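The values are calculated or read from the model by the stated rules, or taken from the named source; none is laboratory data. Remember, predicted model here, so these are calculated numbers, not experimental data. With ideal geometry, Cβ positions are generated from the backbone for all residues, glycine too; neighbour counts draw on all protein chains shown. SASA here: full protein model, heavy atoms, side chains in, ligands and nucleic acids out. Shrake-Rupley method; radii C 1.70, N 1.55, O 1.52, S 1.80 Å.
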Amino acid sequence: MKIKQYRTEFIQKLSLLNGYGEAESFFYLILQEKHQLKRIDLALNPDLTFSDKEMQLWDSILENLQQEIPIQYLLGKTSFYGLNFQVNAAVLIPRPETEELVEWIISDCVVPQNGKNLRILDIGTGSGCIAITLAKNIRNTQVFAIDISEKALATAQKNAIINDVNVTFIQKNILETEELDLQFDVIVSNPPYVRELEKKEIKKNVLDNEPHLALFVEDEDALIFYRKIAALAQKNLSQEGQLFFEINQYLGNETVDLLKKMNFKDIELRKDIYGNDRMIKAVFSKKSF
Ligand code: GLN
């Protein structure tokens, strides 16, 4: 079948669910990934055809897209902060909000003057997108990343190789960790923060496909990870070290209060591109104890 003809059918079938623009962009993403062809190639060669085998592959991708399986999982990759990341069902698909958090860290982190490395820890690293992007974009860093999931860590490890950075990955359940072995200048985390009560707001493609382990917390103790990580930061963040969190948009003030009570200073709450309270920076000072 001529690719141009298939294109019309593909976009028509997906437009109902995704809208024309997204359906079209899915088509060209797959064309690029599976055939290394761009829009211009198709325009210049209108008679290009798919073999029967190629059409079978396209049909199965189309079917999965109609089931609302995220295209990033179907292609096994995505991009984050201009870098390529492999993704699979064991890791969350990196979000644009998280790119904003990373941007904040890159612009605000205080690189030591004495030639020492900036030691960074990412807790709940998933695909490794935060840890790897920081290692790639900040000079003289030593980056560590923790996750409870062995499968997520295997993915993150591959992503570190793809992006040619050095990150030390550690498998650990942070809720059962009392103290870490090293002191850090920056601790960052995008932990699970969606409450069960918010499940109805979560889109089907997320709910049915992304790892619940990385998303959900119990309604009764939604800040469990923040309290635990802040407590670890009190022990393992260096003097004037910085703590960065991605947060639940409905719990901005509660998360700020938690950090105030735990004696963090210079606490700053920021909104994401969608106007939701989404990230926090706090500074640790032993003097305030
Ligand atoms: N922002 C993600 C979502 O909306 C949630 C990420 C998280 O729980 N850390 O699905």
Give all pairs with beta carbons closer than 6 Å in which a residue from the range 240-268 that is more than 23 Å from Val194 (Cβ to Cβ) meets a residue that is of a type in the set (Ser, Thr, Tyr); count only pairs at least 6 apart in sequence or on separate chains.
Asn263/Ser288; Lys265/Ser285; Lys265/Ser288
Out of all the residues in the range 192-209, which are more than 10 Å from the ligand (Cβ to nearest atom) and without any contact (Cβ under 8 Å) to a residue 40 or more places away in the chain?
Glu196, Leu197, Lys199, Lys200
May I ask you to list the residues in the range 109-137 that are over 22 Å from Gln86 (Cβ atoms), at pLDDT 95 or above and open to solvent by 10 Å² or more (accessible area, probe 1.4 Å)?
Arg119
Expected single match for open to solvent by less than 50 Å² (accessible area, probe 1.4 Å), touching a residue at least 12 places away in the same chain (Cβ under 8 Å) and more than 16 Å from the ligand (Cβ to nearest atom) among Ile93, Ile106 is Ile106
Selection from the range 250-289 of residues assigned to a loop (DSSP other than H, G, I, E, B), within 17 Å of Asn190 (Cβ to Cβ) and of a type outside the set (Val, Ile, Thr) yields Asp272, Tyr274, Asn276
Can you pull out every residue in the range 168-179 that is open to solvent by 20 Å² or more (accessible area, probe 1.4 Å) and either at pLDDT 95 or above or among the aromatic types (Phe, Trp, Tyr) (or both)?
Thr168, Phe169, Ile170, Gln171, Lys172, Asn173, Leu175, Glu176
Flagged in the range 138-153 as open to solvent by 10 Å² or more (accessible area, probe 1.4 Å) and touching a strand residue (DSSP E or B) at 6+ places or on another chain (Cβ under 9 Å), in numbering order, are Ile138, Arg139, Asn140, Thr141, Gln142, Phe144, Asp147, Ile148, Ser149, Glu150, Leu153
Is it the case, given these coordinates, that Ser189 is closer than 26 Å to Lys271 by Cβ, of a type in the set (Gly, Ala, Ser), within 15 Å of the ligand (Cβ to nearest atom) and in contact (Cβ under 8 Å) with a residue 12 or more places away in the chain?
yes
Considering every residue within the range 156-163, establish whether at least one is buried (at least 21 other Cβ atoms within 10 Å of the Cβ) and within 16 Å of the ligand (Cβ to nearest atom).
yes
When you look at Ala231, is it over 17 Å from Ile105 (Cβ atoms), modelled with pLDDT of 95 or more and open to solvent by less than 40 Å² (accessible area, probe 1.4 Å), yes or no?
yes
Which residues, taken from the range 250-289, are surrounded by 18 or more Cβ atoms within 10 Å (Cβ to Cβ) and polar (S, T, N, Q)?
Thr255
Which of (1) farther than 20 Å from Glu246 by Cα; (2) away from the ligand (no atom under 16 Å from the Cβ); (3) not basic (Lys, Arg) does Phe184 not meet, given it meets every other one?
(1)
Subset of the range 230-246 (residues that are part of a helix (DSSP H, G or I) and touching a helix residue (DSSP H, G or I) at 6+ places or on another chain (Cβ under 8 Å))
Ala230, Leu232
Would you check which residues across the range 72-89 are open to solvent by less than 30 Å² (accessible area, probe 1.4 Å), in contact (Cβ under 8 Å) with a residue 24 or more places away in the chain and within 16 Å of the ligand (Cβ to nearest atom) and list them?
Phe80, Phe85, Val87
Given Glu63, Glu68, which one is part of a loop (DSSP other than H, G, I, E, B), out of contact with any strand residue (DSSP E or B) (no Cβ under 6 Å at 6 or more places or on another chain) and within 29 Å of Arg95 (Cβ to Cβ)?
Glu68
Determine if the range 200-208 includes at least one residue that is open to solvent by less than 30 Å² (accessible area, probe 1.4 Å) and under 15 Å from the mean Cα position of the chain (by Cα).
yes
Just checking, how many residues over the range 10-26 are farther than 19 Å from Lys38 by Cβ and surrounded by 13 or more Cβ atoms within 10 Å (Cβ to Cβ)?
5
